[in-house]
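A short write-up of the structure that comes next.
Read-outs throughout are calculated quantities, based only on the coordinates presented, and are distinct from any laboratory measurement. All values reported here derive from a predicted model rather than from experimental measurement. Every residue, glycine among them, receives a Cβ derived from its backbone with ideal geometry; neighbour counts consider all protein chains shown.
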Amino acid sequence: MSSVSTGSEQPRELQEHPPCEPESPEPESQSEVFARLGKLALIGGGKMGEALIAGLVQGAALDPGALVVAEPNEERRAWLSSSYGVACVADAALIPQAQTALFAVKPQAFKQVAAHLAAATAFAPERVISIAAGITTAKIAEFFPSAQIVRVMPNAPLVASAGMSVVAVGAHTQRSEGDLVVALFALMGEALLLPEEHINAATALSGSGPAYFALLTEELARAGERVGLTREESEKLALQTLIGTAQQLQLTKESPEELRSAVTSPGGTTQAALESFAASGFGEVVERAVKAACHRAGELA
């Protein structure tokens, strides 16, 4: 019988290589972060692009005038402009004097888009930030060799200012640039600076993680229906239980193991459920899923 995985234990390589400690102080204020970033060009107005726009404009109170979005789809441009008050163009090459370029395009499209912009003489950002999964800082630097290169793996809850973002700097990028980007994404939730070799592992955990929790919510709701609840009742119970448990862990600083133990009475209902999870190989299922996501992140490079 396998043990129940709580998801709190880090892979061995992450335990042996702790997160980088900042060598320089983070910017002291939100306004300083935005001032250092300068004019921001966001390349890509899809789902993650919109999550970034919402997180920056609505959550972090960025002046929409400091952000220009490049999005080829005309309907998306109209939607983003009307919803968030940002300027939109069809081609990022049309954005002059952007100090910071933030790529929010799909990994499969990154090389084509980057090659196009690298050939545009008017497009010469001081720093390039990319959230494209699997695209390394070395690959980004091939297109923008003079820029400071920072790679980020955020997740979808950025749209609710509750994101988890992992940041890594390129080999020839100043550490202060990593601190700046950590401070930027921390305005939309939490952010952590890690060595780049750990980005794929973090992608598998937090980048893809919202889908795992959404799936768990779905399955809990379906199970609730099967034991007599309505769909609406089941979804509300499942969702609030997940939200409340996460908030409890943050507030009390209890470990997941401690909370699980506190909720589990010997011979009670929770123990019966946990034993069923264990008998079904729940820990192995989670591990295989995370490893599959990590492997795919490497393939996308």
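Structure above, values below:
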item	result
Helix-only CD estimate at 222 nm, as mean residue ellipticity for the chain, using -39500 (n - 2.57) per DSSP H run (n ≥ 4)	-14500 deg cm²/dmol
Tail weight of P(r) past 21 Å, computed on alpha-carbon pairs of region 196-273, percent	46 percent
Enclosed volume per residue, in Å³, of the convex hull spanned by Cα atoms of the chain	150 Å³
Two-site FRET efficiency, R288 against E225, from Cβ-Cβ distance with R₀ of 25 Å, rounded to 0.05	0.40
Under Karplus coefficients 6.51, -1.76 and 1.60, residue-wise ³J(HN,Hα) of region 174-186 in Hz, glycine/proline x	5, 4, 4, 5, x, 4, 4, 6, 4, 5, 4, 6, 5
Among A124, A41, A272: highest mean-square fluctuation, GNM of the chain, C-alpha pairs under 10 Å	A272
Virtual spin-label span in nm between V89 and E196, 7 Å along Cα→Cβ	2.8 nm
Neighbour-count ranking [beta-carbon atoms within 10 angstrom, fewest first] of D91, D63	D63, D91
